[in-house]
Structures are given as structure tokens and as C-alpha cells.
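*Asks:* Quick one: structure below, then a few questions.
The values are calculated or read from the model by the stated rules, or taken from the named source; none is laboratory data. Please read these numbers as outputs of a predicted model, since none were measured by experiment. FYI the Cβ positions are ideal-geometry reconstructions off the backbone, even for glycines, and counts take in every protein chain you see. In case anyone asks, the SASA skips ligands and DNA or RNA and just uses the protein heavy atoms, side chains included. Shrake-Rupley method; radii C 1.70, N 1.55, O 1.52, S 1.80 Å.
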Amino acid sequence: MIEPLKKYANSKEIQIIGDIPLYVSLDSSDVWVNGDLFELDERKNPINVAGVPPDAFSDDGQRWGNPLYHWEHMEDHDFLWWRERMKHSAKLYDVIRIDHFIGVVRYYSIPVECQTAIEGKWRMGPGKKLTDVIDASIGDKKIIAEDLGVVVPEVRKVLNSAGYPGMKIIEFAFDSDPLNEHLPHNYTSNMVVYGGTHDNETLVGFYQNKNKKEMKYALEYLAIKSKKELVDAIIKTAYASVAGVVIFQAQDILKLDNSARMNLPSTVGQNWRWRVLEGQLEKEHEEYLKRLAMIYGR
């Protein structure tokens, strides 16, 4: 069904961005059919699993549990699995956003017996070898590299070589640090700016409980006088920036609080339930976005 939908969207000058995870699930057909391409033992149980180390947000880090790729075996097969994966994605989407792109260059490996991410270690991924394969497989389609997190020089080098735009989150911009990479004056043209991703709070929810120092900085930076003006000012500032693409969730266009949040990472059961209801996105919202696009050349 997705291909007729894509054809219809393209006929309306709408491009579809498809989000694909870097890793796949242990119980996926990919792992069970291609076990030699993953770090599995003889019974197809994972040896090491994916995640990220402890940081300011999590003392234990994040143990995602996905089996890791056996990159040497993948390379021995000329990355055929990745070639086929990207060819298929290119049929479905105009732009492919690769989640956790950092892991292509440097990935965190956690021994399967560890129940947290504390005892993991960094290992090097295929880097440019894989981006060359991706480019050869997707034809004229485009890539967005989700490079949020700790971006080491090796990641920057691969991104620059491939020419892939990275991501910035304007929601995280106003922490009083003028060097904050999410601030609009630090943007470049080859990047995609989001209000927030599916993992973040809505703009309204995020700024409900910010301290006075952060709120003062945000209001002064955006040249506004009250919190009520904040969401509109953030959207306008992002549109006015030099970033190549700007994306806001419907929740932020509608100025909804965290009751409309899409996903809370590391939780299950209550996520991905929010939906736009009939009548919520009205003609005035359409006209508002059209005006911004016209003013700022989007």
C-alpha cells in the first residue's frame, strides 16, 4: 500500500521521509535468516547488544538489547544485506532518516549478561565503507543522518565525506550557552532542524517548567516578552534560519502540552497513541505555515 500512497503524495509535491532504525530486533526475520551477520552464539542468542553509555540523563545508560552487527562478516558479503535494505527503503521513501547514525562510525557494545549499559565499551563501525554502499543503493533518494548525542571527530569526518545533513533540535537551544549547537546562529545550510523529535516533550510541555534564567535567555534571544509567544517565535526563528530543512510536529503547530507527547524513551505501553483528530488542523494552521514558507523561502 505504501507505494501507491507515495505516488499520490509525490503528485501533490509532497515528499515522504521514512525513519529506519540502525539496528533490528532479535526476533526479526532478518536476524533469524541471516544469523551469521550478527553477533550471535551457536544457539542464535546475542553475545553483545546495543545501547548507549551513562550520561547526564541516565546513570545506568540505555541498554536497548538489539543484537549487534558482525561488521566483518557483513563486509565479507560486500554489505549485501545493507544494499538490499537501502534499495527497499528507496522504493518506499523519498528521504531516508537513519536513526542513531553515529553507530555507523562508533557504536557501544554491551555484554548480553549485563542488565545495564554501565559495563559496555566503544567499538569502531564500518564508517565510509557503509556510506559508500548506501549511496550506491538509493539512486537519487536522500539521507538524513540522525547524529544527536556525542559526535566525535570520526563521525563528523564521515558525515562531511558523505554530504549527509545532520540534525539539530531547537527545543534544546536556549540553555544560556551561546555556543550551543542547537541555537539558530550556529546552523549551517546542510542540516535538518526539528522543533523536537518523537522522543521529546512538546514545545509547550518542555518550557512549562524551565527556570527563570533559561526562560529569560529564550525570551531575549527570540525578541519576545512573554511565554505565550514562545512557540510561534521558535517556529518563525527556525523557518528564518539558514538550515536546509525545518520540521515541526503537528503537536507543536497546535501548541499542545505533554499529554500529546508521542514517545517517552525506555518505557512501554503508553507510547505512539496520539493522533490528529478531525478538525484539529484547520485552514488557519495551513495558511499560517504557507505564510511562513513564503516569507522565509521554504
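*Asks:* Which residue pairs have Cβ atoms under 6 Å apart, sit 6 or more places apart or on different chains, and have a first residue in the stretch 109-124 that is more than 8 Å from residue 53 (Cα to Cα) and a second that is surrounded by fewer than 13 Cβ atoms within 10 Å (Cβ to Cβ) and modelled with pLDDT of 95 or more?
*Replies:* Hits for this filter: 109/121.
For every residue, the table says whether it meets (1) at pLDDT below 95; (2) over 20 Å from the mean Cα position of the chain (by Cα); (3) aliphatic (A, V, I, L, M).
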| site | (1), (2), (3) |
| --- | --- |
| 103 | no, no, no |
| 111 | no, yes, no |
| 132 | no, yes, no |
| 139 | no, yes, no |
| 145 | no, no, yes |
| 155 | yes, no, yes |
| 170 | no, no, yes |
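*Asks:* Also, I was wondering about something else. If residue 203 satisfies every condition in (1) among the aliphatic types (A, V, I, L, M); (2) open to solvent by less than 20 Å² (accessible area, probe 1.4 Å); (3) touching a helix residue (DSSP H, G or I) at 6+ places or on another chain (Cβ under 7 Å); (4) under 26 Å from residue 94 (Cβ atoms) but one, which is the exception?
*Replies:* (4)
*Asks:* Just to check your reading of the model, which residue among 186, 180 is over 28 Å from residue 294 (Cβ atoms) and either under 22 Å from the mean Cα position of the chain (by Cα) or loosely packed, with under 15 Cβ neighbours inside 10 Å (or both)?
*Replies:* Every option except 180 fails the conditions.
*Asks:* Report yes if some residue within the stretch 112-134 is open to solvent by 70 Å² or more (accessible area, probe 1.4 Å) and under 23 Å from residue 202 (Cα atoms); otherwise report no.
*Replies:* no
*Asks:* Would you point out the residue of the stretch 1-49, among those that are open to solvent by 30 Å² or more (accessible area, probe 1.4 Å), free of Cβ contacts under 8 Å to residues at least 24 places away in the same chain and among the small types (Gly, Ala, Ser), that is nearest to residue 298 (Cα to Cα)?
*Replies:* My answer is 11.
Listed here are the residues, each with its yes/no results for (1) of a type in the set (Lys, Arg); (2) assigned to a loop (DSSP other than H, G, I, E, B).
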| residue | (1), (2) |
| --- | --- |
| 157 | yes, no |
| 182 | no, yes |
| 221 | no, no |
| 234 | no, no |
| 238 | no, no |
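*Asks:* Every residue in the stretch 50-86 that is closer than 30 Å to residue 15 by Cα, open to solvent by 20 Å² or more (accessible area, probe 1.4 Å) and either over 20 Å from the mean Cα position of the chain (by Cα) or without any contact (Cβ under 8 Å) to a residue 24 or more places away in the chain (or both), please.
*Replies:* Correct list: 80, 81, 83, 84.
*Asks:* Among residues belonging to the stretch 184-219 that are aliphatic (A, V, I, L, M) and outside any strand (DSSP E or B), point out the one that is nearest to residue 265 (Cα to Cα).
*Replies:* So, considering only residues that are aliphatic (A, V, I, L, M) and outside any strand (DSSP E or B), the one nearest to residue 265 (Cα to Cα) is 203.
*Asks:* I would also like to ask the following. Are there strands (runs of 3 or more DSSP E) fully within the stretch 38-135 with at least 3 residues that are hydroxyl-bearing (Ser, Thr, Tyr)? List them.
*Replies:* In the stretch 38-135, 106-111 are the strands (runs of 3 or more DSSP E) which contain 3 or more residues that are hydroxyl-bearing (Ser, Thr, Tyr).
*Asks:* Still on this structure, please answer the following. If you scan the stretch 282-297, which residues turn out to be open to solvent by less than 90 Å² (accessible area, probe 1.4 Å), hydrophobic (A, V, I, L, M, F, W, C) and either part of a loop (DSSP other than H, G, I, E, B) or farther than 11 Å from residue 235 by Cβ (or both)?
*Replies:* 293 - this is the single residue of the stretch 282-297 that is open to solvent by less than 90 Å² (accessible area, probe 1.4 Å), hydrophobic (A, V, I, L, M, F, W, C) and either part of a loop (DSSP other than H, G, I, E, B) or farther than 11 Å from residue 235 by Cβ (or both).
*Asks:* Can you give me the number of residues within the stretch 136-155 that are open to solvent by 20 Å² or more (accessible area, probe 1.4 Å), part of a helix (DSSP H, G or I) and of a type in the set (Gly, Ala, Ser)?
*Replies:* Total meeting the criteria: 1.
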